[in-house]
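To start, the structure under review is shown below, and the notes come after it.
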Amino acid sequence: MALDPRDLYDVRSLLSEEERAVQDAVARFTDERVLPIIGDCFDQGRFPAELIPEIAALGVLGATLPEEYGCAGLNSVSYGLICQELERGDSGLRSFASVQSSLCMYPIYAYGSEEQKRRWLPDMAAGRVIGCFGLTEPHGGSDPANMKTHARRDGGDWVLNGSKMWITNGNIADIVIAWAQTEEGIQGFVVEKDFAGFSAQEIKHKMSLRASVTSALYFDGVRVPEANRLPSVKGLKGPLGCLTQARYGITWGPIGSAIACLDEALGYSKERMLFGRPVAATQSAQIKLADWARRITAAQLLSLQLGRLKDAGRMQPTQVSLAKWNNCRMAIDIAREARDLLGGAGITTEHSPIRHALNLESVITYEGTETVHQLVVGRELTGINAF
Ligand code: TGC
Ligand code: FAD
C-alpha cells in the first residue's frame, strides 16, 4: 500500500475519531475558502476578515475552553490540528486564531472573574468580539520583564500609559489584553477600543504575514475600570502563561506550512521536464523531498506527543520551547528549499512556498525568537541562565 507523502508514519491513525473529524472540517475550510483567495490577500496586504464568522462557526475560537462559555471544549491535540490546517492555508489565519484563542480568551478564562468570563468569552467564541494581546514594547520584545507601560490606581480606576509594538489584530480588535507594570507587579487589563486615550496604528510595508493585521498600540492616560483588571494573576508568569498556550499551537502550525510546500514542490517537480526527464527523477530533487518528509514526520510526532502531555496536564514550558524551535526551523528551511525547487516560478504568490517562507520569518521570531527558545532549553539542561 502506498504511503501518504503528507503523513509517512500514519500519525493520523494515532488520533481519535473526534480529532480526525476536527482536522477534516478545518482542512475542508482551508481548501475551499482560504486557498482560492489567500495569494491575492497576501499580494494586497489584506487580512480576509470576511472569513471570521466561518472560522467561528467551525468552533476554532477558544476551542479548548468549556462549552458553558460558548466554546467547543476540545482537547489540545484537536486545537493543534486546527492550527496545522489553518497554517497550511496561511500563517496569518493561524495567527488570528492563536491570538484570539490562546492570548485573549485564555487569560480571561484563566485569570478573569466569573463576570468577565461571561461578559466576553461567548462573544469572542462567536467572533463578534475580537481581541489582541499587548505584551511586546518597542524597546525589546525578548525581555518583557523590562516593561515600561504602567498602570497606577486613581480612585476606583486605573490609568494606563505606554505603548506596545507588533500587535497582531491590533486595528481590528474590540479589546486589548494589555499588560502593564503596577506597584504590585505586572498585571493584565482588558482595554476596550473606545476608551479615551487608546489608539492603534497599523504597521505597513511588511514583507511577512501580509494577510494579517499588525499594529502599534498607544495608551495615553487611558482610564480603565477596576472591573476590567484580570484579578487572578500578578507578575510575569501571567503573560508567560498565555505564551505557553500560544506557543504550543505554534508548534503545530508550521507543520501545515511545510506540508503545503512539500505538496506543491512534489507536484511541480513531477511535471517539470528538464534535460529530457522530470526534475523529480533526479537524485538531488529526491534527496530534498525525502529530507523534507523526514523532517515533517519528526515534527508531527513531536507535536503529537507534546499535545498528549498537555492533555495529561504534564507539559512543561521547556518542552514547548524545544518544539517551537524545531518546528519553525524545520518549516522555514523547507519553504525556502521548496521555493528553490520551483525555480523562477517559485518567486510569485501563484505558488505558496515563497509566501510561507516569508510568513515563517515572523513565526520564527514572534512568541519567542529561535534564540530565546534555544536559551530556554540550554537553561533547563545546564541550570545556568544565559539570557
Ligand atoms: P523567568 O524568571 O524565567 O520567569 C518569570 C516567571 O514566569 C514563570 N514562567 C512561565 N510561566 C508560564 N509559562 C512560561 N513559559 C514561563 N516561563 C517562565 C516563571 O516560573 C516565573 O514565575 P514566578 O512565579 O517565579 O515569578 O523570566 P525571565 O525574565 O527570565 O524570562 C526569560 C524569557 C526570555 C524566557 C522570557 O522573557 C520570554 O519568553 N521572552 C520572550 C517574549 C515573547 O515570547 N514574547 C511574545 C509576545 S506575544 C507574541 O509574539 C504574539 S504573536 C502571536 C501570533 O500572531 O500568532
Ligand atoms: P528583540 O528582542 O530586540 O531581539 C533582537 C535579536 O536579539 C533577536 O535576534 C533575538 O533572538 C536576539 N536576542 C534576544 N535576547 C538575546 C539573548 N539573551 N542572547 C542573544 N540574542 C538575543 N507581540 C505581542 O505582544 N503581541 C502580538 O500579537 C505580537 N504579534 C506579532 C506579529 C508579528 C508579525 C511580529 C513580527 C511580531 C509580533 N509580536 C507580538 C512581537 C514579537 O513577540 C517580538 O517581535 C519578539 O518577541 C522579538 O522581540 P523584538 O522584535 O523586540 O526583538
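The values are calculated or read from the model by the stated rules, or taken from the named source; none is laboratory data. Bear in mind that the values here come from a model prediction, so they are computed numbers and not experimental data. Heads up, the Cβs are rebuilt from the backbone with ideal geometry, glycines too, and the neighbour counts pull from every protein chain shown.
One table, with the values for the structure above:
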| item | result |
| --- | --- |
| Count of the stretch 312-337 residues which are of a type in the set (G, A, S) and touching a His at 6+ places or on another chain (Cβ under 8 Å) | 3 |
| H351 away from ligand 1 (no atom under 16 Å from the Cβ) and either closer than 15 Å to E264 by Cβ or outside the structural domain of T168 (by TED's automatic domain parsing) (or both) | yes |
| Matching option when the condition is crowded, with 19+ Cβ neighbours inside 10 Å, farther than 19 Å from V233 by Cβ and either within 11 Å of ligand 2 (Cβ to nearest atom) or over 19 Å from the mean Cα position of the chain (by Cα) (or both), among S142, S91 | S91 |
| Checklist (1) surrounded by fewer than 24 Cβ atoms within 10 Å (Cβ to Cβ); (2) over 19 Å from the mean Cα position of the chain (by Cα) applied to G241, failing item | (2) |
| Of all residues making up the stretch 331-377, the number that are part of a loop (DSSP other than H, G, I, E, B), crowded, with 16+ Cβ neighbours inside 10 Å, away from ligand 2 (no atom under 16 Å from the Cβ) and acidic (D, E) | 0 |
| Hits in the stretch 192-244 (condition: in contact with a Gly (Cβ under 9 Å, 6 or more places away or on another chain), more than 16 Å from ligand 2 (Cβ to nearest atom) and in a loop (DSSP other than H, G, I, E, B)) | A196, G197, P231, S232, V233, K234, G235 |
| Options S98, S78: the member that is assigned to a helix (DSSP H, G or I) and either within 16 Å of ligand 2 (Cβ to nearest atom) or free of Cβ contacts under 8 Å to residues at least 12 places away in the same chain (or both) | S98 |
| Filter pass, E184 being within 12 Å of ligand 2 (Cβ to nearest atom) and among the charged types (D, E, K, R) | no |
| Conditions (1) in a strand (DSSP E or B); (2) in contact (Cβ under 8 Å) with a residue 60 or more places away in the chain: number failed by R153 | (2) |
| Criterion: crowded, with 16+ Cβ neighbours inside 10 Å and not acidic (D, E) - qualifying residue of S232, S212 | S212 |
| Top-ranked residue in the stretch 174-191 [being in a loop (DSSP other than H, G, I, E, B) and in contact (Cβ under 8 Å) with a residue 40 or more places away in the chain; ranked as nearest to G141 (Cα to Cα)] | E184 |
